[in-house]
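Before any comments, here is the structure.
Read-outs throughout are calculated quantities, based only on the coordinates presented, and are distinct from any laboratory measurement. Values in this document were obtained by computation on a predicted structure and should not be read as measured data. Virtual Cβ from ideal backbone geometry, glycine too; neighbours counted across all protein chains shown.
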Amino acid sequence: MRSAQKRFADLTALLEDLHGLAVEGQHADLTEDISNALCASLTAGLARGRRQLVVIQRLRWAKA
């Protein structure tokens, strides 16, 4: 099992990716299809991030 520190680094990378999607979604000339795709990607990424946070919390509590 990977350490909490490694998972935190993975979460940080995911958040950076999601930030990029959010910035991309701010362009005024986006088509509806692209906007919907960006929204779906953000939603999926946030769900992944939540799962990663749960695992990190469990790993940290296991050490306590």
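When the stretch 50-64 is filtered for residues that are among the β-branched types (V, I, T) and under 9 Å from A4 (Cβ atoms), the ones remaining, listed by number, are V55, I56.
Within the stretch 14-23, take every residue that is touching a residue at least 12 places away in the same chain (Cβ under 8 Å) and under 13 Å from G49 (Cα atoms) and give me the one that is surrounded by the most Cβ atoms within 10 Å (Cβ to Cβ). The selected residue is L18. Among the residues making up the stretch 29-53, a single one is of a type in the set (S, T, Y), in a helix (DSSP H, G or I) and over 15 Å from the mean Cα position of the chain (by Cα): S35.
Just one of the listed residues (Q5, Q26) is loosely packed, with under 12 Cβ neighbours inside 10 Å and not in a helix (DSSP H, G or I), namely Q26.
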